[in-house]
Amino acid sequence: IVQWPFSATQRRKLNWVQLAGHKGNFKAADEGNILKKFSENEMQCFEKLRDDGLLPFVPGYHGVVEKDGESFLHMTDLLADFELPNVMDCKMGVRTYLEEELVRARERPKPREDLYKKMTEVDSAGPTPEEHSQRGVTKPRYMQWRESMSSTNTLGFRIEGIKKSDGTCRTDFKKTRSKHDVIQVFKDFVGENVSIIKSYLSRLTAIQHALKTSEFFKQHEVIGSSLLFIHDHTGKAQVWIIDFGKTTALPEGHTLNHDIPWQEGNREDGYLWGLENLIHTLESVNND
Ligand code: ATP
Ligand code: MG
Ligand code: MG
C-alpha cells in the first residue's frame, strides 16, 4: 500500500502505464527515465535520430545500460512530467508487419490451431468454411486478416490502448475500424476538451512537417511505430513518436513516399496517409 506523501519512486510507479508490448520489456530507471529491453534495430534508429529533424518528437535516448545481466535502452519517461496522465497509443501505418515477415510466414504455410483460435476469439465468422473444417489458419492469412479487422488497412492507423486518469484502461480495440467508431473513442479520450484537442492538433501538424523533411523518415520502412498521446487536467498535451523496434533501413539510395498504397515489394508503410487521416479524425471530434 502506497501512502501519501508519495516518494519520487512511488509517484513514478503510480504514473507508469504500458499500453502495448510484453510487461517484462520495461523496467523503472533513475528519476524521469525508463529502460526498454534492448533491440539492435531500435538502438540503431535512436543513434541515427540523434542528428535528424525528428529528434524533438522522440523520447530522449541516453544509451545502452546493463541491469540484472540484461541490456536495455535508457530513455526518457514521457509520462514523468504529468499529473495523473491520460495516455493513448496509436499504431501508425497500413500494415504492422514487415514485408520480410510475410515472406518468412509463407515459407511453411501450415494451418495452425492457435491462430485459428485467436481468429475466432475476435470474430467467429473470420475463418473460411475450409479453415473451420480444418480448425487451422496459416500465419500469413492470420496476419493479413488481423489488419483488415481494425482501422489499420482503412485509415492507416489503429488505437492500441488507452489509459485514462480515472484509472480505467482499455486495449480491446482490435475491431475498432470505422471512422465513426474511432471518433467516438477519441471523443471519450479527450473528454471533448477543445483546448486539449487544439494542442494535440498543433503537435501533430508539427510532427507531419518534421516527417516530410526528415532524412531518417525518407530512408526507413516505419512499421509498428506509434504516436503516444498524453494529456492531464492541467491542460498539458503532448504527442511523441515511439517504438522503432521494426523500423527498418532501406537499401542504399532507396526512399519511400509513405503516402502511396502498399503493394507487396514496394515496402510502402502508409504512415503519412495514416497521419493525415488521424489529423482529420481529431478535427472532426472538434467540429462535432
Ligand atoms: P509493441 O511492439 O507490442 O508495440 P514494444 O515492446 O515495442 O511493444 P513500445 O510499443 O515501445 O513497446 O511501448 C509499449 C508501451 O509502453 C507504450 O504503448 C507506452 O504505453 C509505453 N511507453 C513506451 N515508451 C515510453 C516512454 N518513453 N515513456 C512513457 N511510456 C512509454
Ligand atoms: Mg509499440
Ligand atoms: Mg514494438
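The values are calculated or read from the model by the stated rules, or taken from the named source; none is laboratory data. Everything numeric in this text was worked out from a predicted model, so none of it was measured. Here Cβ is always computed from backbone atoms with ideal geometry, including for glycine, and neighbour counts include all displayed protein chains. Ligands, DNA and RNA are excluded from the accessible area calculation, which covers all protein heavy atoms including side chains. Shrake-Rupley method; radii C 1.70, N 1.55, O 1.52, S 1.80 Å.
The set of residues in the stretch 36-48 that are within 11 Å of residue 75 (Cβ to Cβ) and touching a residue at least 40 places away in the same chain (Cβ under 8 Å) comprises 42, 46.
Candidates in the stretch 231-242 are the residues that are more than 15 Å from ligand 2 (Cβ to nearest atom) and in contact (Cβ under 8 Å) with a residue 60 or more places away in the chain; of these, the one that is nearest to residue 92 (Cα to Cα) is 238. Just to be sure before I move on: is residue 197 within 16 Å of ligand 2 (Cβ to nearest atom) and of a type outside the set (Gly, Ala, Ser) in the structure I sent? No. Only one of the numbered conditions (1) at pLDDT 95 or above; (2) farther than 15 Å from residue 86 by Cβ is not met by residue 185, and that is (2).
Anything in the stretch 243-267 that is touching a residue at least 60 places away in the same chain (Cβ under 8 Å) and open to solvent by less than 20 Å² (accessible area, probe 1.4 Å)? List them, or say none. Matches in the stretch 243-267: 244, 247. Scoring residue 30 on the criteria (1) open to solvent by less than 70 Å² (accessible area, probe 1.4 Å); (2) at pLDDT 90 or above; (3) over 30 Å from residue 249 (Cα atoms) leaves a single failure, condition (1).
If the condition is being within 14 Å of ligand 3 (Cβ to nearest atom) and either on the phi > 0 side of the Ramachandran plot or assigned to a strand (DSSP E or B) (or both), then the stretch 225-238 contributes 226, 227, 228. In the stretch 186-224, the qualifying residues are those that are assigned to a helix (DSSP H, G or I) and in contact with a Phe, Trp or Tyr (Cβ under 7 Å, 6 or more places away or on another chain), and the one that is surrounded by the most Cβ atoms within 10 Å (Cβ to Cβ) is 200. Here residue 284 fulfils each of the conditions (1) loosely packed, with under 14 Cβ neighbours inside 10 Å; (2) in a helix (DSSP H, G or I) apart from (1). Where residues in the stretch 74-114 are in contact with a helix residue (DSSP H, G or I) (Cβ under 6 Å, 6 or more places away or on another chain) and of a type in the set (Gly, Ala, Ser), which of them is farthest from residue 274 (Cα to Cα)? Checked the stretch 74-114; the qualifying residue farthest from residue 274 (Cα to Cα) is 105.
The single condition among (1) within 12 Å of ligand 1 (Cβ to nearest atom); (2) over 30 Å from residue 196 (Cβ atoms) that residue 92 does not satisfy is (2).
The residues in the stretch 155-185 that are within 18 Å of the chain's Cα centre (by Cα), in a loop (DSSP other than H, G, I, E, B) and in contact (Cβ under 8 Å) with a residue 40 or more places away in the chain can be counted, and the count is 5. In the stretch 201-237, which residues are within 18 Å of residue 59 (Cβ to Cβ) and hydroxyl-bearing (Ser, Thr, Tyr)? If the condition is that a residue be within 18 Å of residue 59 (Cβ to Cβ) and hydroxyl-bearing (Ser, Thr, Tyr), then 214, 225, 226 are the ones that fit.
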